[in-house]
Amino acid sequence: MRFRFYRASRVLVFKTDIENHEKVKLLKPVFDELHSVIEWSVDTQDVDKVLRIETKGSMTERKIIDLMSTIGVACMVMTW
C-alpha cells in the first residue's frame, strides 16, 4: 500500500488599508510571483479590508506583511 503525503494548505487573514480596486491591482504581480500562494482575495467592502491568502509550503505572516509594505500596503494579522 502506498501513501501520499500532501502538505496542507493554510489560510492567512490580514486587516489592510486596501480601499479600492486600483490598490487591489498592485497585489496581482506580487502574488503571481509566489508559487506558494494558491489563491487570494480582498474584501474592500469589509470594515477591515480583509486580505485572505491560501498558501502551501513555508509562507509566513511576516513574509506577507513585509511584501505588502514594499508596495505601500499596510497590513496586520487579523485577530478575533
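Data overview
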item	result
Strands (runs of 3 or more DSSP E) wholly inside the chain that include at least 1 residues being of a type in the set (Ser, Thr, Tyr), surrounded by 14 or more Cβ atoms within 10 Å (Cβ to Cβ) and within 13 Å of the chain's Cα centre (by Cα)	10-16, 50-55
Some residue of segment 41-60 being touching a helix residue (DSSP H, G or I) at 6+ places or on another chain (Cβ under 6 Å), of a type in the set (Val, Ile, Thr) and modelled with pLDDT of 95 or more	yes
Pairs, first in contact (Cβ under 8 Å) with a residue 24 or more places away in the chain in segment 54-80, second aromatic (Phe, Trp, Tyr) and in a helix (DSSP H, G or I), C-beta under 9 Å, six or more apart	Leu67/Phe31
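The values are calculated or read from the model by the stated rules, or taken from the named source; none is laboratory data. Here the structure is a predicted model, which is why all the values come from computation and not from measurement. With ideal geometry, Cβ positions are generated from the backbone for all residues, glycine too; neighbour counts draw on all protein chains shown.
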